[in-house]
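Below is one structure; the comments refer to it alone.
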Amino acid sequence: MCGIVGYCGKEQAAPILLEGLSKLEYRGYDSAGLAVRHDSDNPEIVKAKGRLHILAEKTNFGKSMKGNCGIGHTRWATHGEPSVENAHPHATDDFNVVGVHNGIIENYKELKDKLVRKGYTFYSDTDTEVAIKTIDYYYKKYTHDPIEALAKTMVRVRGSYALAVIFRECPDKVYVARKDSPLIVGVTDEASFCASDVPAILEYTRNIYYMNDLEMAELSADGAVFYNLDGDKVAKEPVVIDWDTSAAERGGYEHFMIKEIHEQPRAVLDTLNSMIAKTDDGKYLIDLSETSLTDDFLADINNIYIVACGSTYHAGIAAQYVFEQLTGIPVRCELASEFRYRNLPFCGNSLVVAVSQSGETADTLAALRLAKEAGVKTLGIVNVVGSSIAREADSVLYTVAGPEIAVATTKAYSSQLITLYVLAIKLALAKKTIDEDRLTHLCDELYSLPDKIKAVIDDKERLQWFASKVAAQKDVFFIGRGIDYAICLEGSLKLKEISYIHSEAYAAGELKHGTISLIEDGILVISVLTQSSLFEKTLSNLVEVKSRGAYTMAITTFGNYSIEDTANFVTYVPRIDDLFAASLAIVPLQLLSYYVSVARGLDVDKPRNLAKSVTVE
């Protein structure tokens, strides 16, 4: 949940490190720091509490720190409050080892007690300082070999980590190690880089090496050398990143979130085109030939478990309804953080679908591994090529959302929905529960989504006006049924994530079982009504809350104009097959959350206490 950048080359390191960290500030922004080596001197370390711009100003935007080799870090606090003392980089008292860390060292107290007995002292409350001083202990005790010191530390540390370390005796090199936390390496003819995510170094190189668990690397201006835990060199092939660098820039938008909302039509279309083609006779062909998801394999599947976290879990909830209606087989959408600690009796021929934007979400990755240990077939749905889930799952489907920078997901969520829709249709074809005519109708509807999403976005001024009226709300309730309930879950999360307004989503039929007691004069209730078979029932629930004083907003499809007799404010979305309504109805809720956050004067892209990629439990 922190951001790491490292550089070894011929240019001044600090400005490059700061630029890279600015691309990773969505990963952590409680504090930040740099460590840069200059010749044989001790590394210069500068740290600052708060956002990255404070560190940039403190170092004259890196110009005041001399040296061509260094590491940088933006922190999202886990152990120890945000402070200069707890900020990374951390160092030994003699500056022999300096390092940064992303992850959690679970046995840090045990390690710390041992180091105290060996004469080490500690100045911070962090587990990272313990890790750095453990590396120092093994480095000095054995052969003064950085790779050996890292390896001995790795076998004694429990938890997750991405480490970038510099040693006093190796002034022109950065050493890195990884277990369960993302870390990539990039190379050019004159430099090497490491980072927590691709956008940090995309400006400098597109040749990216994805490090595997329990791997290490030595970075220098001459390139990167990779090692396994035994200290043996490992041959790796780079992945060439084809993102446009402008995809990770705001491009004239005030915030990344509003930019990414506007990018949803393109993300949806690109994701569709990656899986669906049209034959010469005009028929649709779902092509998953690069995976093991053959018709014979899918035909034998009789249980599906979708495991995910946060917004991705909400995409899974919506898809659960689609899978069950199209295929007739039971589908369970499980929170990965709960799934991994349950002893589930997998039934029959099951498929576990692990969904994650980053492909590094700690709980989802652990759930995937649990399924594999149980002998269950696994499928990863991720947005990052070469990520851990992509490498470890039996098969992988990629969403084609491009880099998403705002902490609150929008286009990645929409791309996940599309991928799950297509998978459901493919499964239905394999099980022969839909025919060619139904396939054509469903695919026609899917391909209508980009233009329909754009039409919803084009109506954003009305939502901006409404947001200004409700920005002072302290509590908001979302109600819906079926797929509309899944939409409410995501809409509620969006609002609380970036506006800090308490909000809850409820299945509308559950109102009478306790929740309606919370309804009082002026409280905002947002109802989603896109499912034609459930419209009247949900409308009755909307009448119930309005009669108790609620101020009401409704999201429904064009044609349902009678709702204006009940709701105080109505947003309409184009008609679509009910199965795919989530892809349209979520957009007004994304926009509403965005404009409420702006109206409240908050940092939309970097909400407090949150980070983009959750790589710790």
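The values are calculated or read from the model by the stated rules, or taken from the named source; none is laboratory data. All values reported here derive from a predicted model rather than from experimental measurement. Glycine gets a Cβ as well: all are built from the backbone with ideal geometry, and neighbour counts include every protein chain shown. Just the protein is used for accessible areas: all its heavy atoms, side chains included, with ligands, DNA and RNA removed. Shrake-Rupley method; radii C 1.70, N 1.55, O 1.52, S 1.80 Å.
Regarding the stretch 367-503, what is the average projected area of its C-alpha convex hull, in nm²? Intermediate values should be presented prior to the final figure.
Values: hull surface 45.2 nm².
Dividing the Cα hull surface by four gives the mean projection, 11.3 nm².
For the chain, what is the accessible area per residue in Å², given a 1.4 Å probe and the full set of protein chains? Don't jump to the answer; show the numbers that get you there.
Values: 23060 Å² over 617 residues.
That works out to 37 Å² for each residue.
For the stretch 136-178, which chymotrypsin sites (Phe, Trp or Tyr not before Pro) pass both filters: DSSP loop (anything but H, G, I, E, B) and at most 12 other C-beta atoms within 10 Å?
Details: sites: Tyr137, Tyr138, Tyr139, Tyr142, Tyr161, Phe167, Tyr175; in loops: Tyr142.
The qualifying sites are Tyr142.
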Where His88, His53 fall by accessible area, highest first, once all protein chains stay in place (1.4 Å)
His53, His88
Which of the peptides 527-537, 579-589, 474-484 is most tightly packed, and how do the rest follow, going by the mean number of other Cβ atoms within 10 Å of each residue?
579-589, 474-484, 527-537
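Identify the GluC sites (Glu not before Pro) of the stretch 486-525 meeting these criteria: DSSP loop state and at most 16 other C-beta atoms within 10 Å of the C-beta. Intermediate results must be reported in sequence, preceding the final value.
On the way: sites: Glu490, Glu497, Glu504, Glu510, Glu520; in loops: Glu520.
Counting only loop positions with at most 16 other Cβ atoms within 10 Å, the GluC sites (Glu not before Pro) in the stretch 486-525 are Glu520.
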Given the Cα-Cα distance of Glu169 and Glu536 and 0.36 nm per residue of separation, how much length would full extension add, in nm?
124.8 nm
The chain - Rg (one decimal) and Dmax (whole number), Cα, Å:
25.4, 80
Considering only C-alpha atoms, what is the centroid distance from the stretch 463-493 to the stretch 92-160, in Å?
47
In whole angstrom, how far apart do the alpha carbon centroids of the stretch 257-293 and the stretch 186-201 sit?
30
For the stretch 1-155, the Rg and Dmax computed from alpha carbons only, in angstrom:
15.0, 42
Heavy-atom accessible surface of the chain: percent carbon and sulfur, 1.4 Å:
47
Magnitude of the Cβ-charge dipole (Lys and Arg +1, Asp and Glu -1) of the chain about the Cα centre, nearest 20 debye, reported as 1280
Taking H placed 1.01 Å from N in the peptide plane, check which residues at least 5 places from Thr557 or on another chain put their amide H under 5 Å from its amide H.
Val573
Ile405's amide H: which non-local residues (gap 5+, or another chain) put their own amide H closer than 5 Å, with H modeled 1.01 Å from N in plane and none for Pro or chain starts?
none
Under the Debye formula (equal points on every Cα, no solvent term), log10 I(q)/I(0) of the stretch 335-396 at q = 0.22, 0.24 Å⁻¹
-0.79, -0.93
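When the chain is fully extended, how far beyond the present Cα-Cα distance does Lys432 get from Asn302, taking 0.36 nm per residue of separation?
Details: separation 130, 0.36 × 130 = 46.80 nm, distance 1.33 nm.
45.5 nm is the gain from fully extending Lys432 to Asn302.
Percent relative contact order of the chain, based on C-alpha pairs within less than 8 angstrom and at least six residues apart?
Numbers: 1408 pairs, mean separation 74.3, N = 617.
Relative contact order of the chain: 12 percent.
Checking the table Lys23/Lys133; Lys112/Lys606; Lys23/Lys259; Lys152/Lys179 against a 24 Å threshold on Cα-Cα, which pairs fail? Show your work: numbers first, answer last.
On the way: Lys23/Lys133 29 Å; Lys112/Lys606 33 Å; Lys23/Lys259 15 Å; Lys152/Lys179 14 Å.
Result: Lys23/Lys133; Lys112/Lys606 exceed 24 Å.
Tell me the chymotrypsin sites (Phe, Trp or Tyr not before Pro) within the stretch 244-341 that lie in a loop according to DSSP and have at most 12 other beta-carbon atoms within 10 Å. Walk me through the numbers before you get to the answer.
Numbers: sites: Tyr253, Phe256, Tyr284, Phe297, Tyr305, Tyr313, Tyr321, Phe323, Phe339, Tyr341; in loops: Tyr253, Tyr341.
Answer by residue number: Tyr341.
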Only bridges with both residues in the chain count here: give the DSSP antiparallel percent, nearest 5.
60
I want to check the label-to-label distance for His144 and Ser292. Put each point 7 Å from Cα in the C-beta direction and report it in nm to one decimal.
4.9
